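Trainee: Dumping the structure here so I can ask a few things about it.
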Ligand code: PHE
Ligand code: CO
């Protein structure tokens, strides 16, 4: 980023910037269309109904990268949420304040054509295609607002490391039990071609019933497919279990050790006991490089 750009983007207190939709070029829009088409074929029968309904009602594919000004009126009408553009990752408190006010901060840049499969920072495809459809669901919309309020509180209580795991294992990598089988609702999964399949079909990861306190004791990986996914019974159940006061939970967590990322406990409800074959192969492949 040039100095001139950096200066013109000196953050306002809420870090919101103009999306600058007119500045996307044809190659940027093509990246969106390519990613959209890949996921469109994969997600029916894999993503949950709330997600698929949201994707339809926002009509996210029309003309490539969506203009927030076009999708916001419908999102507002459905749940009172809106999407705002930010330059990239924002400080925790800024992020939580937006959520608490029913604004989802989204990156406005899009990955390059050679980064279709993996990117370490969330781009507009992850943020908008991945997150925004779920925000059209009234129950999930309430959960996300509550999460923002809970984040502000957890920050004051120095409990963000525990609360962040809830975001990770639900909003980003959550699975849901439905009469038709397990379905995806996590944004990190629906926005990834490979993980959309891996999360549901690969024998490697554990798939365990959602248990709030257990989940908050479980670390996660940010650099590869998850080793454990947590399965909620429904969005209502997720909202219900997070309505309680987390104060006593945080107090108990202070004295409770972390659970190993791949462990299955006798108290877990087990949908899949993973072989962890994928994770082990990846670790083995990484090991020699680590010794350099
Ligand atoms: N109930 C939580 C608390 O007391 C707040 C919260 C709600 C956190 C929903 C996450 C999701 O802190
Ligand atoms: Co995300």
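The values are calculated or read from the model by the stated rules, or taken from the named source; none is laboratory data. It should be emphasised that the depicted structure is a prediction, and the values quoted were computed from it without experimental measurement. When we count neighbours, we look across all protein chains shown, and the Cβ atoms used for this are built from the backbone with ideal geometry, even at glycine.
Matching residues to (1) surrounded by 15 or more Cβ atoms within 10 Å (Cβ to Cβ); (2) in contact (Cβ under 8 Å) with a residue 12 or more places away in the chain; (3) outside any loop (DSSP other than H, G, I, E, B):
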residue: 41; (1), (2), (3): no, no, yes
residue: 50; (1), (2), (3): yes, yes, yes
residue: 57; (1), (2), (3): yes, yes, yes
residue: 65; (1), (2), (3): yes, yes, no
residue: 84; (1), (2), (3): yes, yes, yes
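Trainee: Check 238, 212 and return the single one that is surrounded by 13 or more Cβ atoms within 10 Å (Cβ to Cβ), under 20 Å from the mean Cα position of the chain (by Cα) and within 22 Å of residue 179 (Cβ to Cβ).
Mentor: 238
Trainee: Moving to a separate point now. Taking residue 116 as meeting all but one of (1) away from ligand 2 (no atom under 16 Å from the Cβ); (2) within 30 Å of residue 27 (Cα to Cα); (3) out of contact with any helix residue (DSSP H, G or I) (no Cβ under 8 Å at 6 or more places or on another chain), write down the number of the exception.
Mentor: (3)
Trainee: Answer yes or no: is there a residue in region 258-271 that is modelled with pLDDT under 95 and over 28 Å from residue 137 (Cα atoms).
Mentor: no
Trainee: Sticking with this structure for a sec: Tell me the helices (runs of 4 or more DSSP H) entirely within region 123-199 that contain at least 3 residues that are more than 15 Å from the chain's Cα centre (by Cα), modelled with pLDDT of 95 or more and more than 15 Å from ligand 2 (Cβ to nearest atom).
Mentor: Qualifying helices (runs of 4 or more DSSP H): 138-156, 160-167.
Trainee: Next up: Determine if region 90-110 includes at least one residue that is surrounded by 14 or more Cβ atoms within 10 Å (Cβ to Cβ) and farther than 21 Å from residue 144 by Cα.
Mentor: yes
Trainee: Let me ask you something else. Only residues in region 224-253 that are within 26 Å of residue 192 (Cβ to Cβ) and part of a loop (DSSP other than H, G, I, E, B) count as the first member; pair them with residues that are at pLDDT below 95 and within 16 Å of ligand 2 (Cβ to nearest atom), Cβ under 8 angstrom, at least 6 apart or cross-chain, and list the lot.
Mentor: Within 8 Å, the pairs are 227/221.
Trainee: Considering each residue of region 176-207, count those that are closer than 13 Å to residue 51 by Cα, more than 16 Å from ligand 1 (Cβ to nearest atom) and free of Cβ contacts under 8 Å to residues at least 60 places away in the same chain, and give that number.
Mentor: 1
Trainee: Residue pairs, Cβ under 9 Å, 6 or more apart or interchain, first in region 256-284 and surrounded by 15 or more Cβ atoms within 10 Å (Cβ to Cβ), second in a loop (DSSP other than H, G, I, E, B) and modelled with pLDDT under 95. List them.
Mentor: Matching pairs, first to second residue: 261/221; 278/224; 279/221; 279/224; 282/224.
Trainee: Taking the condition surrounded by fewer than 20 Cβ atoms within 10 Å (Cβ to Cβ) and either part of a loop (DSSP other than H, G, I, E, B) or at pLDDT 95 or above (or both), does residue 73 pass?
Mentor: yes
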